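Structure first, then comments.
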Amino acid sequence: MVAAALAAGCDSATPAGPDTSAPPVSEDDAGGDAAPGADSDASADAAADMGGGTDAATKDGGADTADAKDAAVMAKGCKKDGDCAQIQTTSCQLTTCATATGLCQVTDLPDDVTCPNAEPCKVGAVCKAGVCNYQIKVCDDGNPCTDDACGAGGACSHDLGKSKLCVDGSPCTVTAICIDGTCTAKVSVECKDDKPCTVDACDPKVGCTHAASNDGTSCDDGKFCTESDGCLAGACVGKAKVCTDDDNPCTFIGCENKNNQGCTTIPISTPLLCDDGKACTTKDVCSGGACTGVPANCDDQNPCTDDSCDDAKGCQHVDNTKPCGGGDPCAPAGTCQGGTCAVVPVACDDGNQCTQDACDKVLGCQSKAVPAPCFDGSVCTENDSCAGGACKAGTPIGCDDGKACTTDGCDAAKGCTFAPAVYGAACGAGKQCAVGLCLGAECGDGWCAPAEDSAGCAADCPVNGGACAAGDAGCLKTCTAAKCGVPAEACGKVAGCADIPTCVTPCGADLPCQIGCLLNAGAAALQANLALDQCVQAFCVEDSWLGKKCTGGGPIYVACVGACEGAMCKLLSLQCKASAGCVAVRQCLQQCDAGDDPAKIVACIADCKSKAALADIAKNADLDTCSATYCQ
C-alpha cells in the first residue's frame, strides 16, 4: 500500500536535482535493519544476556517511520525513482517517483515478506505494516562463567568470565568464583560438630555428614567414674568403674563423679532389709551400718507339725501324727497325716450368690443375706445387687451407639445388639446406610461408598487402605482382585465354589436355609469359598468386629465371640451349627470356663474331648482359630 505521497510538485521545465540542504538519512537512524555491531544489536544482545528479550519480538522502524515520511514531504520533486533515494525509510518500505505528479511516494512491502538484508542475529525477520519484526538470537550456553553474545554472521561467542561470583550448586560451598570458565569453590562449609565419636565430612550431594567413628575408637567421656572409654554407635561410652565391695550389706560402696571423689563407703542408716547370717533371726535390718535382727517366730499355726529352730537351717516344721479337729460341727475329729489334718471340711455353700455362708461351731452351717453385687442372669442390666437374699436386676445397660444406621437393642444372653439398618436407607444429606455405617460420597473418608467411583478416589479404595461397602460390586471386584487374588483364583478352579454365596445370600437370617446351602456343597468348594469369604470380609467389607477384641468373661464374652464368629467366621460357624456333635463340643467347653481351679478346667476340657468325635473336635478347632484371629 502507499504509506505517503510526497506533496511537493515536480518542475517540468527544469529537472530538480537531489536535495543537498540536509545530510542523507541512513536506514539505521530510521529504525531499519542495522549492520552487525550497531548500537541496536548491542542493546538487544545485552538484554538477551540479562535473561530478557529472548522471546520478545523486535520491530524496526517505529517512531522513526514518521520522520522518514516527513523527510519525503520535504523533497522538492522528482522525475525518476532514483531522485527519491535520499528519502529515509525502513527496510520494509520502497520509495518511487510518481512521474505524473513529480511526487516521491513510500510503499510498504507486503506483510510476512522476509525483511531485506536482515542480519543473521535477527531471527524470523518478516515485514509487518512496513516494519521489520524479528527476535534476537539466543546464545546462552548455560554456563554462568561465560559472557554470551551474537556477533557478525550470526555466530555465538562465549567469552570466559573474569573472576566473578557464581553458584556451583554444591551444599559444601559457601563462596565460588569463575576460574577459566568453571565455577570453582573458594570458601567451603565447616562441618565440625565437636563430637569425639563422629567423622565430620561434607558430601557434595547432601551436605555435612557426621558418620559414627568405628566402634572401639578411643575417646574420653569426661566422667571420673568410667574407664576404658571408647566409641559405640557414634557415642563415647565407658565401662562403669568397679569399686571393691566390703561384704557388708549395710554399707554402700559407690563411685562419685562429683568433685572426683571416686570410690566411697557410705553407711546405710535406713532400715533396709539385710541378712545377719543367723538362721534363727528374722526381720534383719540395717542400723548404723550394721545388720541386726529379732528372734524368728517358727510357729506355722499348723497343729500337724512340730516347730523348732536350728541355728544352721532355721525354722523346722516336722510332720506329726497327732489327733486334730473335732469338738464342733464344722471340724470333725481326725488325725494328722503328711502335715495336714485328714478331715473332710463341712461344705456350707448354698449356691446363692446373695447369701454369705459359714459354719457355726454350735449351730453348724448358717446362711446370711448380704447386700452384695450379683448377676441376675441377663447381660442387659448392670449394677445388679442382692436384696433380701435374692439378686435384683439393676439398671438397663446403655445400648445406644449413637449411629444413625444401626438398630439398637439388647439380648439377655448376648448383650447389646446393633443390627445394621436397611441398606440404602437415608441417614443425612446425600448419605445412605450401608453395613451399619452412614456413608456419603466424600473422597478420603476411608470407605468406597456406592455413590463413589473407586477408580477416581484411590484414597477410599481397599488397595490403599480403604474398604468397600457391602453391595458395592465395582469396589468389591477391585478389592478382590488386589487383596484376595489367590483365594479368588482358587475358588474359580473349584466346581461349585461360586454357587455357595449365590445360595447363602438369599437366605438372609434363615439359619436352616444357610446350613442347607453348606450341606449341599462339595468339600473342595467349601474350602475354596471359605478362604475367599474370610479374605473379602477382612479386607473389603466393614463389620463391627474388624479390629475389635472380645474382652472380659462370662456370658457377655461368650455373646461377643458368637457375634464375631457370625460376622468374620460365617462359613466356619455355619459348618459347626450344621453338626450336632460340633455344637455339643462347644457347649461342653463353654461350661469349663465356669470354675476358677485350673486343674479342674483342664480335666473338664479333657472330658469334653473324650465324649466327642474327632471330626467334631476338628471343626470346633477351626472355628476357635478363626475366632482367635478376629475376636480375642
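Derivation of every value follows stated rules applied to the coordinates shown; laboratory data play no part. This one's a predicted model, so the numbers in the text were calculated from it and none came from an experiment. Counting neighbours? That spans all protein chains shown, and the Cβs are built from the backbone with ideal geometry, glycine included.
Tabulated results
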item	result
Residue, farthest from P204 (Cα to Cα), within region 165-180, restricted to residues that are within 48 Å of the chain's Cα centre (by Cα) and not hydrophobic (A, V, I, L, M, F, W, C)	T175
Whichever residue in region 85-114 is among the polar types (S, T, N, Q) and under 12 Å from V131 (Cα atoms) and, among such residues, is surrounded by the fewest Cβ atoms within 10 Å (Cβ to Cβ)	T114
Residue in region 568-581 that is surrounded by the most Cβ atoms within 10 Å (Cβ to Cβ), counting only those that are in a helix (DSSP H, G or I) and touching a Leu at 6+ places or on another chain (Cβ under 8 Å)	L571
Cross-chain or 6+ apart pairs with Cβ under 7 Å, region 144-156 first and in a helix (DSSP H, G or I), then not hydrophobic (A, V, I, L, M, F, W, C)	A152/P36; A152/G37; G153/P120; G154/P120; G154/K137
Selection count where residues are loosely packed, with under 14 Cβ neighbours inside 10 Å and closer than 30 Å to G389 by Cα, scope region 310-328	0
One residue from D203, D168, D215, D180 being among the acidic types (D, E), touching a strand residue (DSSP E or B) at 6+ places or on another chain (Cβ under 7 Å) and surrounded by 15 or more Cβ atoms within 10 Å (Cβ to Cβ)	D168
Some residue of region 180-195 being closer than 30 Å to T244 by Cβ, in a loop (DSSP other than H, G, I, E, B), of a type in the set (G, A, S) and out of contact with any Phe, Trp or Tyr (no Cβ under 9 Å at 6 or more places or on another chain)	no
D306, sole failed condition from (1) under 30 Å from V362 (Cα atoms); (2) without any contact (Cβ under 8 Å) to a residue 24 or more places away in the chain; (3) outside any strand (DSSP E or B)	(3)
Condition met for K192 (of a type in the set (K, R), exposed (fewer than 13 other Cβ atoms within 10 Å of the Cβ) and more than 30 Å from I268 (Cα to Cα))	yes
Any hit, region 135-144, residues being more than 55 Å from the chain's Cα centre (by Cα) and within 26 Å of C92 (Cβ to Cβ)	no
Residues (surrounded by 14 or more Cβ atoms within 10 Å (Cβ to Cβ) and within 60 Å of the chain's Cα centre (by Cα)) located in region 276-291	D276, T282, D284, V285, C286, S287, G289, A290, C291
Residue count, region 500-528 (criterion: surrounded by fewer than 12 Cβ atoms within 10 Å (Cβ to Cβ) and over 21 Å from C582 (Cα atoms))	4
Wholly enclosed strands (runs of 3 or more DSSP E) of region 328-432 bearing at least 1 residues over 56 Å from the mean Cα position of the chain (by Cα) and among the small types (G, A, S)	334-337, 355-360, 364-369
